[in-house]
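The values are calculated or read from the model by the stated rules, or taken from the named source; none is laboratory data. Please read all numbers here as calculations on a predicted model, not as lab measurements. Backbone-built Cβ (ideal geometry, glycine too); neighbour counts: all protein chains shown. Side chains included, ligands, DNA and RNA excluded: accessible areas come from the protein's heavy atoms. Shrake-Rupley method; radii C 1.70, N 1.55, O 1.52, S 1.80 Å.
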Amino acid sequence: MVDTTRAAAQRILRFARSFTRERPDRHPRLAEFTAPADLKGTKVLILSPSEMYVYLPSFGKVRRIASHTSDQSAFGMAFSQEDLATQKYGSYTPAVSSSSGKEVKLTLTPKNGQTTSYAKIEMTITKDKNVPSELKYYNTEGKLVKTETRTGYSCDSDVCTPGALKMVDHTKNLSTTLTRKKVKVNESINDDTFSKRNLEK
């Protein structure tokens, strides 16, 4: 995975490899940065939007990411920690706002009792693959704060993954594009891969 982040005229490249497992109750994910040098060896374990851990080689310790910081930028990217952790949108109630021949537009609002970073999400779903192509994120004031686009989907059996994810943070003049270089689907992954103990290996 290649991360390209732009802020004004600045361009930053980061390289990482990641592992994800689909389960009915959770979707754990592990990412390890391989470049640049100041991030090499840094690992992030996401067990849920409220349970994330990071291993920093310079400290040699695993630390839990405080849940109250989950809406903050992750490693200087336009994606927040919660953005990267969210795989499902069960905390939101969807409603169809429009439908055409090729796509369906949904409006997602938080369910009663749920605490979310966004007051509303407008999601565009393509009908051919039934995957999201665009997500617009709004704050409690109704202001559009972020726009995410997902393109270049490839499907292996019933698993479809985007080739590129681009997030634009309209409040910071910041954009980040995550580009997939290679993907393997339905590979055997040891359960220990998604453990805090594995972060220190």
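Annotations for the structure displayed:
- Region 90-143: GluC sites (Glu not before Pro) in DSSP loop, at most 12 other beta carbons within 10 Å: E141
- Bridgeable lysines around K181 (alpha carbons under 16 Å apart, same-chain partners fewer than 8 residues away excluded): K166.
- Only the Cβ atoms of Lys and Arg (+1) and of Asp and Glu (-1) were treated as charged; on that basis the dipole of the chain about its Cα centre amounts to roughly 360 debye.
- In region 41-108, chymotrypsin sites (Phe, Trp or Tyr not before Pro) in a DSSP loop with at most 13 other beta-carbon atoms within 10 Å: F59
- Inter-label distance, R180 to T126: 1.1 nm, where each label sits 7 Å from its Cα along the C-beta direction.
- Candidates per trypsin sites (Lys or Arg not before Pro) in region 153-183, loop by DSSP, up to 15 other Cβ within 10 Å: K172, R180, K181, K182
- Using the Karplus relation 6.51 cos²θ - 1.76 cosθ + 1.60 with θ = phi - 60°, the per-residue 3J(HN,Hα) values for region 79-92 come to 6, 7, 4, 5, 4, 6, 7, 6, 10, 10, 10, x, 7, 10 Hz, with x marking Gly and Pro.
- Accessible surface of T140 - all protein chains present, 1.4 Å probe, nearest 10 Å²: 130 Å²
- Segment H170-Y89, length gained on full extension (0.36 nm per residue, minus Cα span): 27.0 nm
- With each label modelled as a point 7 angstrom along the Cα→C-beta vector, the V104-E141 pair spans 3.4 nm.
- Selected from S67, T140, F15, residue furthest toward positive end of dipole (the chain; charges at beta carbon): F15
- Per residue, the accessible area of the chain comes to 59 Å², computed with a 1.4 Å probe over protein heavy atoms only.
- Entry for P(r) over Cα pairs in 10 Å bins from 0, in percent (calculated from the structure that is shown) out of [x] 8, 32, 39, 18, 2, 0; [y] 8, 31, 28, 18, 11, 4, 1; [z] 9, 26, 28, 17, 8, 5, 3, 2, 1, 0, 0: [x]
- Candidates S50, S117, S97: whichever shows maximal mean-square fluctuation once the chain is modelled as a Gaussian network with Cα springs under 10 Å: S97
- Residue among I121, I189, I46 with the largest mean-square fluctuation in a Gaussian network model of the chain, springs linking Cα atoms under 10 Å: I189
- Listed by chain and number, the lysines whose C-alpha is less than 21 Å from the C-alpha of K172, apart from same-chain residues fewer than 8 away, are K120, K136, K143, K146.
- Surface share of carbon and sulfur [accessible, 1.4 angstrom probe, percent] for region 44-180: 49 percent
- For region 89-136 versus region 23-63, the gap between their alpha-carbon centres in whole angstrom: 28 Å
- Between amide H atoms placed 1.01 Å from N, distances below 5 Å from Y92 occur with K111, all of them 5 or more places distant or on a separate chain.
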